[in-house]
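Novice: Sharing a structure, written as C-alpha cells. Questions coming.
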Amino acid sequence: MIRKCQASDTRRIYFIINEAARAYDGIIPADRYHQPYMSMVELKKEMQRVTFFGWETNGEIIGVIGIEPVNDVTLIRHTYVLPGWQNQGIGSRLLSHLKTLLTTPCLLVGTWADAHWAVAFYRKHGFHLMPDKDKLLETYWDIPPRQVETSVVLGLNIRDGVKESP
Ligand SMILES: CC(C)(COP(=O)(O)OP(=O)(O)OC[C@H]1O[C@@H](n2cnc3c(N)ncnc32)[C@H](O)[C@@H]1OP(=O)(O)O)[C@@H](O)C(=O)NCCC(=O)NCCS
C-alpha cells in the first residue's frame, strides 16, 4: 500500500499537504501560516530534490512522506496525512518504510516548535530534539531566518537505535 509517487501524483500531493497543513492554523506563528501552505510552484521545485512515498487506500493516496539525502545525513521532508485519516498509524507506516531506504545512519526532520503533535509523533519513533538545531537548519535546510527561529530539529541515529535494541 506504500508506493513511490510520480509526477502524475503532484496534484494529489498538493491537496494532501495543504489540507493537512490546516492543523498549523492558529498554532504556528501567524506570519508563517497561509493557504495554500505550499504553492504548486514550490511543490514542483521540492519534487525535483525530494522523493515522495504515498500511502494508498482504495487507489487513492491519503498520506505522504518525502526523503532527501543531503551530504552525510538524510532529511525527512513533508510528512502529511489527510485530516480524516490521522492517528490511524499511516504516518508511522510511512516513516517505517522510509527507514528501510536509508543510505546514512543519521535521519533528521525539521518541524515547527509549536506543532506539538508532530514533535510527539517523531519522539514516539525514537527521535530526539537536537540541541544544535540552528546550526543544523542552516547547514541542511534552505529556509528563512524567521523559520529557523520558530523550528526545531529532531534526529535519529539508526546505529544508536540498533545498539539500544534488545
Ligand atoms: C504528524 C502526522 C504526519 C502523523 O501521521 P499520523 O498518521 O496521524 O500518525 P500515526 O497515527 O502513525 O501516529 C500517531 C502518533 O502521532 C502523534 N499524533 C498524531 N496526531 C496527533 C494529534 N492530533 N495530537 C497529538 N498527537 C498526535 C501522537 O504521538 C500519536 O501517538 P499516540 O496516539 O500514541 O499519542 C499527521 O498527524 C499530520 O499530517 N499532521 C498534520 C501535519 C503535520 O504536522 N505534519 C508534520 C510535518 S513535519
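Novice: If you go through the stretch 45-81, how many residues are in contact with a His (Cβ under 8 Å, 6 or more places away or on another chain), within 18 Å of MET1 (Cβ to Cβ) and free of Cβ contacts under 8 Å to residues at least 40 places away in the same chain?
Specialist: Residues flagged as in contact with a His (Cβ under 8 Å, 6 or more places away or on another chain), within 18 Å of MET1 (Cβ to Cβ) and free of Cβ contacts under 8 Å to residues at least 40 places away in the same chain within the stretch 45-81 amount to 2.
Novice: Quick check on the stretch 88-114: of everything there that is surrounded by fewer than 18 Cβ atoms within 10 Å (Cβ to Cβ) and in contact with a Phe, Trp or Tyr (Cβ under 9 Å, 6 or more places away or on another chain), which residue is farthest from ILE13 (Cα to Cα)?
Specialist: Checked the stretch 88-114; the qualifying residue farthest from ILE13 (Cα to Cα) is ASP114.
Novice: Can you name the condition, by its number, that ASP114 falls short on among (1) touching a residue at least 60 places away in the same chain (Cβ under 8 Å); (2) within 9 Å of the ligand (Cβ to nearest atom)?
Specialist: Among (1) touching a residue at least 60 places away in the same chain (Cβ under 8 Å); (2) within 9 Å of the ligand (Cβ to nearest atom), ASP114 violates only (2).
Novice: Would you be able to tell me the number of residues in the stretch 24-80 that are surrounded by 13 or more Cβ atoms within 10 Å (Cβ to Cβ), assigned to a loop (DSSP other than H, G, I, E, B) and within 13 Å of the ligand (Cβ to nearest atom)?
Specialist: Counting residues in the stretch 24-80 that are surrounded by 13 or more Cβ atoms within 10 Å (Cβ to Cβ), assigned to a loop (DSSP other than H, G, I, E, B) and within 13 Å of the ligand (Cβ to nearest atom) gives 6.
No lab work stands behind these numbers, since they all come straight from the coordinates. Since the structure is predicted, the reported quantities are computational estimates derived from the model, not experimental observations. Don't worry about glycine lacking a Cβ; one is built from the backbone with ideal geometry, like all the others, and counts go over all protein chains shown.
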